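This is the structure I have questions about; it appears just below.
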Amino acid sequence: MSSSAAATVLMVNLDNGLCESKAKELKWRRFESLERSISPMAHTLVRFSYGEILAATRNFSKGRVLGRGALSCVFRGRVGILRTAVAIKRLDKEDKESSKAFCRELMISSSLQNPNVTPLVGFCIDPEEGLFLVYKYVSGGSLERHLHEKKRGVKGSATLSWSVRHKVAIGIAEAIAYLHNGTERCIVHRDIKPSNILLSSNKTAKLCDFGLATWTSAPSIPFLCKTVKGTFGYLAPEYFQHGKISDKTDVYAFGVVLLELITGRKPIEARRPQGEENLVLWAKPLLHKGKGTIEELLDPRLKCTLRNSSQITRMIEAAAACITSEESRRPSICEIMAILKGEQEPFLSKRKKSGFLGNGLVIDCYSQLQQTNSEMKSHLALAMLGVSEFEEDDHLYCR
Ligand SMILES: Nc1ncnc2c1ncn2[C@@H]1O[C@H](COP(=O)(O)OP(=O)(O)O)[C@@H](O)[C@H]1O
Ligand SMILES: [Mg+2]
């Protein structure tokens, strides 16, 4: 090796050494600041060691994976002398967003106490191995699995009955109402969707995944964010287009979940016939046509009986109100709850007079996009149907 080559190698090595120690220092600083940020709530939770996490998940064995998201993987496990069943969420080490999401989720989840919210039990911070959140295990699987996953002959995986769908709708509305109005500060979840809704053994719905949740000053006081995060198909128009967040962001997403419960369809499905790929756009005109369209909307796997027809009508009314494009006209979750429970005059008839059914904008956009057939094939195009403009700086995370 020539002397110049050796010198170059030596320089590179030195440089690597410096980078490594700097990276280590940065990592430690990040963990110190993380500890400081969570200190107001940390004492309310159990702090697990990494060894306990490893033992609980049997070294993160593949058979224990409960689910995966954009920034994490969740494992089933048991902890403590009582061998309590838990779900351990391991945040991806490499992602810069992870410690922010961990902090947000820990701070918000630990402040919540509601029968329709998954309880956080504890956490683990290990500078070498990463960040972990320990939740109470919810045994019945996610709503996503029950509604949309192909059945593989698993015991108890029959189609969700109407009564369970109704119970889930009421349960999640209760959870959202609690977040918006039942805590000290209004919390916006920002990622309401079936994979973030778990079912207990008696089919009680439990909201989970507070990785995007945020505190706001009060319900109905929107604020602007620079980066749009969430899931295609569930993003309210004002959030998608302008980064405007408020309690109404969750109301819109909840409306899409209601549509999924009613129809059994996914929010975006490229394999559907033209005009049916985007659930909101397909359902919107049908929702406003009244009772004659119930059969068209209803999941073909369900049977509509007289006993549950009023519940179905109310759920359709609630869904229609939730997906109102204009944020200021979209009702609050408490109004939606009243519709679902039948405690209020049918909302649609009241709103009709004030132009509530004016969905012309959506239909206009739809006919324009029908012309660009190839574009419609892409997931992005389908998700953006009905959206008039899109800011390039905004980033979308598919979870
Ligand atoms: N407490 C829990 N009990 C049972 N399963 C859970 C629990 N928490 C999460 N899961 C499963 O793990 C999946 C991902 O969890 P989630 O918290 O949504 O993570 P991510 O932020 O990565 O989306 C869920 O869709 C669900 O299937
Ligand atoms: Mg999730």
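The values are calculated or read from the model by the stated rules, or taken from the named source; none is laboratory data. For clarity, every value in this text was computed on a predicted model and none was experimentally measured. Glycine gets a Cβ as well: all are built from the backbone with ideal geometry, and neighbour counts include every protein chain shown.
On the given criteria, is residue 45 on the phi < 0 side of the Ramachandran plot, touching a strand residue (DSSP E or B) at 6+ places or on another chain (Cβ under 6 Å), in contact (Cβ under 8 Å) with a residue 12 or more places away in the chain and away from ligand 2 (no atom under 16 Å from the Cβ)?
yes
Let me ask something else. Would you point out the residue of region 174-204, among those that are under 14 Å from the mean Cα position of the chain (by Cα) and among the small types (Gly, Ala, Ser), that is nearest to ligand 1 (Cβ to nearest atom)?
Ranking the candidates gives 195 first.
Test residue 20 against the criterion of being modelled with pLDDT under 80, charged (D, E, K, R) and part of a helix (DSSP H, G or I), and give yes or no.
Spelling it out, residue 20 is indeed modelled with pLDDT under 80, charged (D, E, K, R) and part of a helix (DSSP H, G or I).
Filtering region 93-112 down to residues that are within 16 Å of ligand 2 (Cβ to nearest atom) and among the hydroxyl-bearing types (Ser, Thr, Tyr), which residue is surrounded by the most Cβ atoms within 10 Å (Cβ to Cβ)?
Taking the candidates together, the pick is 109.
Quick grid of which residues meet (1) buried (at least 18 other Cβ atoms within 10 Å of the Cβ); (2) within 19 Å of residue 174 (Cβ to Cβ):
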position: 191; (1), (2): yes, yes
position: 196; (1), (2): yes, yes
position: 213; (1), (2): yes, yes
position: 241; (1), (2): no, no
position: 280; (1), (2): yes, no
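Name the pairs: first residue in region 301-327 and outside the structural domain of residue 281 (by TED's automatic domain parsing) and in contact (Cβ under 8 Å) with a residue 12 or more places away in the chain, second residue among the aromatic types (Phe, Trp, Tyr) and in a helix (DSSP H, G or I), Cβ to Cβ under 8 Å, at least 6 apart or on different chains?
From region 301-327, no pairs qualify.
If only one of 292, 264 is out of contact with any helix residue (DSSP H, G or I) (no Cβ under 8 Å at 6 or more places or on another chain), surrounded by fewer than 21 Cβ atoms within 10 Å (Cβ to Cβ), within 20 Å of residue 317 (Cα to Cα) and small (Gly, Ala, Ser), which one is it?
Answer to the check: 292.
Continuing with this model, one more query. I need every pair where a residue in region 57-70 that is in contact (Cβ under 8 Å) with a residue 24 or more places away in the chain has its Cβ under 7 Å from the Cβ of a residue that is more than 14 Å from ligand 2 (Cβ to nearest atom), sequence separation at least 6 or different chains.
Partner pairs satisfying both residue conditions: 57/64; 57/75; 57/77; 57/88; 60/75.
Only one of 252, 239 is assigned by TED's automatic domain parsing to the domain that holds residue 326 and either at pLDDT below 95 or not in a helix (DSSP H, G or I) (or both); which?
239
Further, regarding this structure: Could you check region 66-96 and list, in sequence order, the residues that are part of a strand (DSSP E or B) and under 19 Å from the mean Cα position of the chain (by Cα)?
Across region 66-96, the qualifying residues are 66, 67, 68, 72, 73, 74, 75, 87, 88, 89, 90, 91.
Could you please find all residues in region 183-205 being at pLDDT below 95 and either out of contact with any strand residue (DSSP E or B) (no Cβ under 7 Å at 6 or more places or on another chain) or in a helix (DSSP H, G or I) (or both)?
Selection gives 183, 184.
Give the residues of region 113-136 that are surrounded by fewer than 19 Cβ atoms within 10 Å (Cβ to Cβ) and either farther than 23 Å from residue 93 by Cα or at pLDDT 95 or above (or both), sorted by residue number.
Hits for region 113-136 are 113, 114, 115, 119, 136.
Which pairs do you get when a residue that is within 18 Å of residue 164 (Cβ to Cβ), found in region 184-203, comes within reach of a residue that is small (Gly, Ala, Ser) and within 11 Å of ligand 2 (Cβ to nearest atom), reach meaning Cβ atoms under 6 angstrom, with the pair 6+ apart or on two chains?
195/142; 198/142
Let me ask you something else. Collect the residues in region 191-247 that are more than 16 Å from ligand 2 (Cβ to nearest atom) and small (Gly, Ala, Ser), keeping them in residue-number order.
Across region 191-247, the qualifying residues are 200, 201, 217, 218, 220, 236, 243, 246.
Give me a count of the residues in region 217-236 that are of a type in the set (A, V, I, L, M, F, W, C) and either surrounded by 21 or more Cβ atoms within 10 Å (Cβ to Cβ) or not assigned by TED's automatic domain parsing to the domain that holds residue 302 (or both).
The total comes to 3.
Give me the residue from region 97-129 that is among the hydroxyl-bearing types (Ser, Thr, Tyr) and assigned to a loop (DSSP other than H, G, I, E, B) and, out of that set, nearest to residue 35 (Cα to Cα).
Within region 97-129, the match that is nearest to residue 35 (Cα to Cα) is 110.
Still on this model: Can you name the number of the only condition in (1) within 14 Å of ligand 2 (Cβ to nearest atom); (2) under 22 Å from residue 149 (Cβ atoms); (3) in contact with a Gly (Cβ under 8 Å, 6 or more places away or on another chain); (4) not aliphatic (A, V, I, L, M) that residue 90 fails?
(2)
With the structure loaded, tell me whether residue 270 is surrounded by fewer than 20 Cβ atoms within 10 Å (Cβ to Cβ), assigned by TED's automatic domain parsing to the domain that holds residue 189 and not β-branched (Val, Ile, Thr) or whether it fails that test.
Criteria met by residue 270.
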